1. Give, rounded to the nearest 20 debye, the magnitude of the charge dipole that the chain has about its Cα centre when Lys and Arg contribute +1 at Cβ and Asp and Glu contribute -1 at Cβ.
2. What are the aspartates and glutamates whose alpha-carbon lies under 14 Å from the alpha-carbon of LYS43, with same-chain residues fewer than 8 places away excluded?
3. In Å², what does the accessible area per residue of the stretch 13-121 work out to with a 1.4 Å probe?
4. Under the rule of at least 5 residues apart or a separate chain, name every residue whose amide H is placed under 5 Å from the amide H of THR30.
5. Place +1 on the Cβ of every Lys and Arg and -1 on the Cβ of every Asp and Glu in the stretch 1-74, take the dipole about the Cα centre, and give the residue among GLN1, CYS69, GLN44 whose Cα lies farthest towards its positive end.
6. Let's see if you can work this out: charge +1 on each Lys and Arg Cβ, -1 on each Asp and Glu Cβ, no other charges. What is the dipole magnitude of the stretch 37-81 about its Cα centre, in debye to the nearest 20?
7. Relative contact order of the chain: what whole-number percent is it, with Cα pairs under 8 angstrom and at least 6 residues apart?
8. Among THR97, THR77, THR30, which one shows the biggest mean-square fluctuation in a GNM of the chain, springs joining Cα atoms closer than 10 Å?
Amino acid sequence: QVRLVESGGGLAQPGGSLRLSCTASGSFLTIDAMGWYRQAPGKQRELVAVATIDGTTDVAASVKGRFTCSRDIAKNTVYLQMNRLKPEDTAVYYCNTEATDPFSYEARHYWGQGTQVTVSS
C-alpha cells in the first residue's frame with residue numbers, strides 16, 4: 001500500500017500563488033509517475049500536471065505558463081507551484097501516483113485525500 005499526504009491548499013486571491021506538495025510513503029518497489037488532478041464542483045476530475053520517474057514534467061494547456069510541476073525523487077515528493085491563480089482554478093486538488101508493488105510487480109494507482117484550493121477576492 002502507498003499513502004499519499006498532501007499539503008499546501010488554501011485560499012488565495014486572484015493573481016496570487018500557492019504551492020502544493022504530496023509525499024508518498026509505504027510499501028512499493030518504485031514510485032513511477034506522480035501528478036496532480038483537480039475536480040471543481042459539478043465537473044469531472046481533470047489532469048493538471050504530471051512528473052515521470054525520469055524527471056519529465058508536463059502541465060495541462062489550461063494552466064500552462066502559470067503552474068509548474070516538479071519532483072524530488074529522493075523524497076518521493078511532487079510539487080505543484082501555482083502562480084497567477086484565477087477563480088476558475090478553484091477545485092479540490094488530488095495527488096495521484098503510479099507505484100510498482102514490491103511483491104506482485106504490478107503497477108497500481110493511488111490517490112491522496114485531496115486539498116481544497118479556493119481562489120477568490
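1. Values: 12 positive and 11 negative charges, 92 e Å.
For this selection, approximately 440 debye.
2. GLU88, ASP89
3. Values: 5720 Å² over 109 residues.
Result: 52 Å² of accessible area for each residue.
4. Here the answer is THR100, since their amide H atoms fall under 5 Å of that of THR30.
5. Going by the charge dipole, the pick is GLN44.
6. Working: 7 positive and 4 negative charges, 45 e Å.
For this selection, approximately 220 debye.
7. Relative CO of the chain lands at 36 percent.
8. THR30
The values are calculated or read from the model by the stated rules, or taken from the named source; none is laboratory data. None of these values were measured; they are calculated from a predicted model. With ideal geometry, Cβ positions are generated from the backbone for all residues, glycine too; neighbour counts draw on all protein chains shown. Side chains are part of the model used for accessible areas, which takes the heavy atoms of the whole protein and leaves out ligands, DNA and RNA. Shrake-Rupley method; radii C 1.70, N 1.55, O 1.52, S 1.80 Å.
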